Amino acid sequence: MGAEAICKATFHGKRASGKARLEMDTLEFRAPELRLSIPFKQMRRIVAEGGSLVVESDQGTLSLALGPVAARWADKIRNPPSRLDKIGAKPEWRASAVGIDDRGFLKEMGDRIAQLSIGRVLEDSDAIFFGATDAAQLSRLAALKRSLKPAGALWVIRPKGRKEISEQSVMAAGKAAGLVDVKVVSFSPTHTAEKFVIPVKNRPR
């Protein structure tokens, strides 16, 4: 989901100041003295009261002092957007998927959009989904960019926590290919998706 906030947390009677973040299917909190990852499926009660988000789960009761956005976070947890919603997939899209072995995603996308090419890149793609497991593979970004519509998006799908392909290496490769990064989403529990586009000033008129 990508929502995050610096806030105070209360958990098992202890208080800590840190960063709270909503991922695709977990609520995360990170502080030097407290680190939590609570799957939505473990949550038994989710309420916003007095400017705090209160979550009861198998791990205990967590209260996050989020202020006026607490109700919004509660609603997002109760009604999480699908990954296609986060990606912004539209029914009229022509898209390409290369190196993507997530069959569930390929079926979801194929059912949502007008045309999905798997393994072969379509010219004038509204979106290209490129799966990479090693930084060396990112040299293909410049060639893939040539198959995008001017306002199209190139999504790099990579495994989380792999030193062979870090966030820094993906961002650097995108910049070298003449692209700009505009969004990062949690693609799945194991993968991250980074969105790149052609800078508006460089798009053909």
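We did not get these values from a lab; they are worked out from the coordinates using the rules stated. These figures come from a predicted structure and were not determined experimentally. Neighbour counts run over all protein chains shown; Cβ positions are idealised from the backbone, glycine included.
Couple of notes before you dig in:
- Applying a threshold of 6 Å to beta carbon distances and a minimum spacing of six or more residues, or different chains, the list of pairs starting in the range 138-167 at a residue that is more than 22 Å from residue 205 (Cβ to Cβ) and touching a residue at least 60 places away in the same chain (Cβ under 8 Å) and ending at one that is aliphatic (A, V, I, L, M) and surrounded by 14 or more Cβ atoms within 10 Å (Cβ to Cβ) reads 155/193.
- From the options 103, 94, 120, residue that is without any contact (Cβ under 8 Å) to a residue 12 or more places away in the chain and surrounded by fewer than 19 Cβ atoms within 10 Å (Cβ to Cβ): 103
- Residue within the range 181-202 that is over 27 Å from residue 81 (Cβ atoms), part of a helix (DSSP H, G or I) and not polar (S, T, N, Q) present: yes
- Single unsatisfied condition, residue 82 versus (1) of a type outside the set (A, V, I, L, M); (2) farther than 26 Å from residue 192 by Cα; (3) under 22 Å from the mean Cα position of the chain (by Cα): (2)
This table checks each residue for (1) hydroxyl-bearing (Ser, Thr, Tyr); (2) free of Cβ contacts under 8 Å to residues at least 12 places away in the same chain; (3) surrounded by 14 or more Cβ atoms within 10 Å (Cβ to Cβ); (4) not in a loop (DSSP other than H, G, I, E, B).
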position: 6; (1), (2), (3), (4): no, no, no, yes
position: 17; (1), (2), (3), (4): yes, no, no, yes
position: 30; (1), (2), (3), (4): no, no, yes, yes
position: 38; (1), (2), (3), (4): no, no, yes, yes
position: 48; (1), (2), (3), (4): no, no, yes, yes
position: 55; (1), (2), (3), (4): no, no, yes, yes
position: 64; (1), (2), (3), (4): no, no, yes, yes
position: 77; (1), (2), (3), (4): no, no, yes, yes
